[in-house]
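The values are calculated or read from the model by the stated rules, or taken from the named source; none is laboratory data. Since the model is a prediction, treat every value here as computed from it, not as a measurement. Every residue, glycine as well, gets a Cβ built from its backbone with ideal geometry; the counts of neighbours run over all protein chains shown.
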Amino acid sequence: MTALDLTAFASAGVFTPADDPDDVKAFYDRWGFVVLRDLVPAELIDRMEAECVAAQDGVLAGTLDVRHGSTKYLDDATKAERFVNYVEHAEELAPAIGEALATPVLVDLVARILGPDFWKGNNGVVYQDARPGRESGYTRIGWHADWQAVPHMDIWPGTAFTFHLDGTSPANGFLRVVPGSHLWATASPFENANNVAVPDGTPPARGYTDTPPPAPMPLGFEKIDGEYPVYVERGDVILHDAYLWHSAARATDDDTRRRHVRGAGTAATAASWTRRRAS
């Protein structure tokens with residue numbers, strides 16, 4: 001689907017605060033994602049981890065409001081009684097998340113991508129523990145683009161952010177992307193793996209161009225020509241476009257863990273990331 005030199009591409013997708021922000025945005029615009037390294041101080045990542053794990057424990061113990069728990073996207077929701085894969089609205093429980101979101105380089109880059117009045121969605125920020133062990137109700141998620149979660153809403157384009165608390169690999173799972181797929185006019189999900197009804201008002205397709213995909217998006221985990229594995233280190237931040245095709249690969253080692261903090265911003269004109277976070 002997308003022809004590229006993976007040898008040269010692998011290092012080209014990783015940027016640091018020392019890189020020219022125009023180069024970072026140019027890569028994002030062309031391929032639909034970037035990896036930001038050395039953006040968040042190690043001490044802040046350590047605090048984020050400790051605060052999120054404490055919140056995770058609180059959800060399991062039942063000492064936090066039920067709105068912080070979630071069983072969405074679990075393979076086995078019955079395991080939620082013994083283990084917590086998701087903590088929703090984690091930014092309310094982990095102050096380090098707000099500090100990381102206010103990182104000037106990150107705020108500037110997202111503003112370059114979405115415009116100065118971008119908006120952080122109402123679902124807040126999610127802490128996800130995607131470990132594959134027997135206690136976990138989560139293993140992986142199939143091919144999708146983030147806009148397909150609410151395809152009828154006029155809030156797009158958007159970008160997702162992920163702060164990685166663990167590095168990723170085939171052992172503990174990783175992000176699969178189809179570079180450049182955000183430029184296609186991907187058909188709206190009138191059929192989906194979760195059998196969820198498509199809302200009224202959903203357009204027939206979304207993307208940055210009128211070019212249709214070379215093949216339909218799979219409903220599951222099939223191999224796609226041109227897909228690319230995105231491996232990261234602890235502390236790395238991934239930004240990926242809401243129109244980008246992506247999925248998560250299942251871990252091959254059940255004794256590993258893969259934890260991250262994720263959320264999204266959209267181009268809806270309401271308030272800036274920082275102002276929204278403080279409200």
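A few remarks follow.
- Flag if PRO116 is of a type outside the set (A, V, I, L, M, F, W, C), surrounded by fewer than 16 Cβ atoms within 10 Å (Cβ to Cβ) and modelled with pLDDT under 85: yes
- Which numbered condition TYR28 misses (of (1) in contact with a Leu (Cβ under 7 Å, 6 or more places away or on another chain); (2) modelled with pLDDT under 95): (2)
- The residue that is surrounded by the fewest Cβ atoms within 10 Å (Cβ to Cβ), among those in the range 132-150 that are assigned to a loop (DSSP other than H, G, I, E, B) and modelled with pLDDT of 90 or more, is TRP143.
- Screening the candidates GLY201, GLY265, GLY220 for the property of being at pLDDT below 90 and within 24 Å of ALA96 (Cα to Cα) yields one hit, GLY265.
- Counting only strands (runs of 3 or more DSSP E) that sit completely within the range 151-270, those holding 3 or more residues that are touching a Lys or Arg at 6+ places or on another chain (Cβ under 8 Å) and touching a residue at least 12 places away in the same chain (Cβ under 8 Å) correspond to 158-164, 228-230, 246-249, 259-266.
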